Structure formats: structure tokens, C-alpha cells
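*Asks:* Here it is, the structure, as C-alpha cells.
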Amino acid sequence: MNTPASLGPEAEARPTRAPAAAPAAGGAGLRERVLSALATVYDPELDEPITSLRFITSCEVTPRGEVGVVLRLPTPQCAPNFAFLMAADARRAVRSVPGVHGVTIELEDHYTGDEINGALSRGEGFTGAFPGETDDDDLEALRELFTRKALIARQARVCEQMLSSGATEHDVVSATVAELPVDNPDATRALQLRAQLGFAATPDAPAFIQPNGEPVALDQLTRWLRAARLIRTGLEANGGMCRSLLAFRHNLDPETQEVGR
Amino acid sequence: MYEKNGEKYFIVDSHLHMWSAGPDNWVKGQEQYAKGWIECFHAYMGLGPPETHWPIEKFMSYTHEDFVKDVFEDGGVDVGVFQSTYLKEWYTKGFNDAEQNAALMEKYPDKLIVNGRFDPRDGDAGLKQLEEDAKRWNLQGVKLYTAEWNNGSRGWRLDDPETQPFLDKCKDLGIKNIHVHKGPTIWPLDKDAFDPRDVDKAATDNPELNFIIEHVGLPRIEDFCFMATQEPNVYAGLSVVIGGLMFARPRFFAKVMGELLFWVGEDKMLFGSDYGIWEPKWQIDGFIDWDYPQPDHEEFSDYPRLDDAGKRKILGLNAAKLYGIQVPDGMGQPDAAAKDDAQLVEAG
């Protein structure tokens, strides 16, 4: 099974860190860069890239830099709100790649696929897909809720590693961002999530924070770790179920490539 | 009675369906929803052992005979509880309404219990219907589906003010078990309708009622656990947990079980097969044998253990207590351990 740890630093990069020099349009190089950009799009509920979750059915790039991406989800009735977030994020990420001159995102085999694809092609938000039935603010609130959960789960994994490597409880609660392990995908991702939530991620900021951004105090550490493990279990179990459903539905070998045809 | 290794187990399957989901029952103009719904359920069946998978045609329209064989004969289920799911916006006669379930219950009145439903958006007419249903089928429980669509509304919450009159009505009618579907996020659109936190207030305000959270709020298991640990009348319904994870993802299953045993405890967990998504036999069989894959590994070492007595509670005795089901002698009695402890304390 793929875990974020197996993705390497490229997959964790933000879209803004795509190569600065504009390369020539089209060609295999562009497709690779588009896939790298797609690898920065996360399932907001699972906190995993849509590429390692194998949600990309296909990614086609014409010589003129027109990109067509087909997305698939584990079931035809996966939540439309999360489906929309991923499709819209994918569109944004691909558009930011230098050399891309047009993007079509298509969500396939989904019961609200027509509504979502239509809104995306018109450049509209979730309310454009379901006018009068929803509110874009609700969608962002939902995303934020899951970003907080993901942050706690990632941080706690780093914290557990530090504790098992000999750090004391006092060490970890007084640690700063500068003292976090380098080249640790969970630590890197946690800092991205902090930035998304507007929490300080400067070198002198506390290494481990609560969902509200406050540092974790010594007497809170045990409960924070216990709660974080529960959140992580929920994320992992759900992610596992999604992978199994997708593999069953599309008859996928567990070890095949991340992007389809 | 399920027999394994020379031992007999009293089984209450607290989550069963007898649905009708074939094209003949799809509402015109809503076919893609009706089809999508049953295909989604069918995909879940894929998480069980391959030899238990059915083709989609059978899955849409299994028969009473299939049910009797799979649940009673092969599964050894002593008593089953039907959780009615209406979905009449998509299925002409309902997906599996109380009427459909009751048709089978009437053949096996000692082995089957039918739960009803309510929807606070139906107002006074809904209250009246609940009263009629309760008398007709002697309801002890209801299954609530907060994500269900209703006249342009795409969900409701247990802490909506409109819900309380329905909970009051349940108390008047002797309905004490409130099963709430809080599971995989199949449905939420504008509302996050599978967020379990609305149960918190309802459980606090209605201590006479039991709230069984079906599918333990997956993927919101932490929201569920934090609530369940504070509310004595909140229970974990293990449908989908066992069926969806025990075979397909055994390590995750072990962790989810460990967390539930830690936060909720073996006295408040209820087996449910979610038949016809999954047959009960392989679930019961595997659960009786289940242990953490590496009990001493650091991933599992500090989770509570689950012994044979605990498994008996989860497989039947806990639900028997909630539904007033008579448990035969020698099967373990639900309160025996607790009473012994109390006597010891008094004697000491």
C-alpha cells in the first residue's frame, strides 16, 4: 500500500514550486509536470494525494498543452462535496503548470458527475453545481474541519517518532518548528497544513499544536496523543476502505501504477 | 445458535435488510440515483471474502429463501433486527420499508424484530404515521437516516428543534432504541449529514432512550468516540466495521476495534451484519476467532483485550438486553458480570 512516506519530496511540493522557467509546451515532459501537480492535490477527508489513492483514471496532454484529466472515485455515490473539492483543486493545480493552455477535468461514473463537470467547465464553484442547494462557505468549513484533523494526525506521528527515539515528554512539548526532523513527510505535510489553517509555522513556533493552534502543554500530551491516534485510525481505516472499494470496482491490482490508461 | 469449536453462541444480528432494489422498483426520472445507490452497496460487498460475493442481479433482488438460508441456517442468527430504510424518492415501493421487512417477520415472529423510522420534516403527519407503525408492528426501535432527501431538503439533524417531539413520541409509544445511520459519507451534499455530533445533545436530553450509532460514524470515528465516552446511552453499531474491514483490512480493523474497546467498551458494542451487503456467517465465524494480528506489537499492545465473554456480549447479549430478548440458559447472561461485581462491593 502507498503511504505518503513513499512518495518522495516531489509529490509533497506545492503547485507554486513547479519549475520556474517556462518549458516548451506539450510533450512527455509536460505530462510529467502535470502529474506532479496532480500529486499536490489531496483528498481532504483522507489527507492523501489523489494520485496515490489512484483517483486519476487518465491524464492526456496534447502537443499544444491542452490537458484532459479524468477522475474516478471509489463508489458512484462518494460525497459530492469532497468530490467537488478534489476536482476543483485538480483543475487549479494543472492550470498553474507553465505550458498548460487549457484544462478539462471530468469526474466519471458519479451520480452528480454532470452537475460537477458542468460547474467546473463554467469556472463556477460548488453552488454553481447545485444552485440553491448548498453554500460555498459550508464547503470551506468542511475542508477546514478535516484539515485540522489531518494536522493533528500528522503531528502526532512525528511526535511519537521523536518520543521513541529518546526525546522526553518535556523535550517534545518545548520543541520548536526548527527542531522538527527534516526529510520527514509527516512533518513537511503538517507544516503545509498549518499554513493552510493560518497557524504560525516559523522556526521559533511550537513544534506541536492543538486543533485551535495553541501549543500542546505537558499535562495535555498524553490525551493529545491518544486522541490523535484515534483520528489517525479513522483516517487510515477510511482510506483503506476507499482503496479496497476502488480496487474492487475497477478490478485493480493492488500494486499497479497510480495513474490509469 | 452459532456453533464453533464445540461452543454455542447466542447471536443477535442487530442490522439486517430485506430490500427490493431492482429496476422494477426505480422511480421514473430518478433511475440514476436508485441505480447508483444499489451499485454502491454492491461495491461494499466486494470487501468481504470473494466466495461470498453475489452478482448484481441477485444483490438487487434477493429472496426470502436466500435470507432464511444465509441468516438463520448458515449464519445461526437467533434473533435479527430489521433496520428499515425508505428512500421513497428513488424507490417506488421504498428500498426496504417496514412493510417489506414485516412480510418476512410475520413468517418468523420469534426470530425477527422490525424497526420503524421517522423523519421530523414530515411534521404532524409523520407523528401520526409513527404512532400507527408502532402499534402495527409493536416497534421497539427506529432507524433514522439523517442524510435522506425529503421535498428539496437534503438532510436533517437530531438536535433540530423539530426532532424532539418525535423523540417524545417514541417514549410514549415504548420505542426505546434509536438507531442512527452515521457512516461512510455516501450522501452529504449541503449538510454534512453523517457528522455524529448532533446525537450528543439528543442523547443528553433523552436519557431514557438508547442511541445506537450505526457504522460508528466512520470516517468520523473520533467524533463518535469522544461523544460515546461521555454519554452512557450511546452505543456502537458494528455494521460495516466488521463487514467492511475485518476481511479486507485486518490491521485497520484491529485498530478500530482497539479504539472502540478503549473509548466505548465491550458492553456498548453491537454486532450487525448489514445483510444483504454481507452474509453474517463469515463475519460471526471470523469474529469468534479474532484477535489483534500481533497482540504484543506496539501498535496494539495498549488496547484492551477482548475475550470470549466479551465477544458473546458483542455478538448477542448486549442487543438482547436492549431489545428484551430472552437468552437461553448457559449462553451467558448480559448482567451477570456486573451483578457479581456489585455483590462483591457490597460484601466488601
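Each value in this text was obtained by applying a stated rule to the coordinates, not by laboratory testing. Source: prediction; values computed, not measured. No Cβ is skipped: glycine too gets one built from the backbone with ideal geometry, and neighbour counts run over all protein chains shown.
*Asks:* So how much slack lies between B:N151 and B:N138, counting 0.36 nm per residue of separation and subtracting their Cα-Cα distance, in nm?
*Replies:* Working it through step by step, the gained length comes to 1.8 nm.
*Asks:* In angstroms, what radius of gyration and Dmax does the stretch A:112-261 have, counting Cα atoms only?
*Replies:* Over the stretch A:112-261's Cα set, Rg and Dmax evaluate to 19.2, 55 Å.
*Asks:* If you don't mind, another one. If neighbour count is taken as other Cβ atoms inside 10 Å, put B:M105, B:M257, B:M60 in order from fewest to most. Before the final figure, lay out the partial values.
*Replies:* Details: B:M105 20, B:M257 27, B:M60 23.
Going from sparsest to densest Cβ surroundings: B:M105, B:M60, B:M257.
*Asks:* Here is a follow-up. So for chain A, averaging the separation of alpha carbon pairs under 8 Å that are six or more residues apart and normalising by length, what relative contact order in percent results? Spell out each step's value before the answer.
*Replies:* On the way: 367 pairs, mean separation 54.2, N = 261.
This gives 21 percent for chain A.
*Asks:* Going by a ≥ b ≥ c, the root eigenvalues of the Cα gyration tensor, does the stretch B:87-130 fall in the rounded group (a/c under 1.5), the prolate group (a/b larger than b/c) or the oblate group?
*Replies:* oblate
*Asks:* Also, I was wondering about something else. Give me the Debye-computed log₁₀ of I(q)/I(0) at q = 0.10 Å⁻¹ for the protein assembly as shown, equal point scatterers on Cα only, no solvent, two decimals.
*Replies:* Taken in order of the listed q values, log10 I(q)/I(0) reads -0.92.
*Asks:* Counting other beta carbons within 10 Å of each residue's own, what order do B:I242, B:I288 fall into, fewest first?
*Replies:* B:I288, B:I242
*Asks:* Also: Grab the beta carbon distance between A:E179 and A:R92, set R0 = 41 Å, and tell me the FRET efficiency rounded to 0.05.
*Replies:* Details: r = 33 Å, r/R0 = 0.81.
In this case the efficiency is close to 0.80.
*Asks:* Amide H of B:W26 versus every other amide H placed in the peptide plane: which residues, excluding those fewer than 5 positions away on the same chain, fall under 5 Å?
*Replies:* Under 5 Å from the amide H of B:W26: B:T92.
*Asks:* Within the stretch B:33-64, report the chymotrypsin sites (Phe, Trp or Tyr not before Pro) that DSSP leaves as loop and that have at most 12 other Cβ atoms within 10 Å. Mind showing how you got there, number by number?
*Replies:* On the way: sites: B:Y33, B:W37, B:F41, B:Y44, B:F59, B:Y62; in loops: B:Y62.
Listed in order of number, the matching sites amount to none.
*Asks:* Within 10 Å of each residue's Cβ, count the other Cβ atoms and sort B:K281, B:K143 from fewest upward.
*Replies:* By the 10 Å Cβ count, ascending, the order reads B:K281, B:K143.
*Asks:* Calculate the length of the line joining the C-alpha centroid of the stretch B:106-152 to that of the stretch A:227-251, in whole Å.
*Replies:* Taking the Cα centre of each part, the stretch B:106-152 and the stretch A:227-251 sit 32 Å apart.
*Asks:* As a check on your grasp of the helix formula, calculate [θ] at 222 nm for chain B: sum -39500 (n - 2.57) over DSSP H runs of n ≥ 4, divide by the residue count, round to the nearest 500.
*Replies:* It comes out at -10000 deg cm²/dmol, rounded to the nearest 500.
*Asks:* At what distance in angstrom do the alpha carbon centres of the stretch A:94-153 and the stretch A:177-214 lie from each other?
*Replies:* Rounded to whole Å, the Cα centres lie 26 Å apart.
*Asks:* For chain A, take the longest principal axis of its alpha carbons; what is the angle in degrees between that and the long axis of helix A:80-95, to the nearest 10 within 0 to 90?
*Replies:* For helix A:80-95, the angle is close to 80 degrees.
*Asks:* Tell me whether chain B comes out rounded, prolate or oblate; compute the Cα gyration tensor, take square roots of the eigenvalues as a ≥ b ≥ c, and use a/c under 1.5 as the rounded threshold.
*Replies:* Rounded, because the longest to shortest axis ratio a/c is under 1.5.
*Asks:* How high is the relative contact order of chain B? Use alpha-carbon pairs under 8 Å, at least six apart in sequence, and give a whole percent.
*Replies:* On the way: 597 pairs, mean separation 64.9, N = 348.
After rounding, I find 19 percent.
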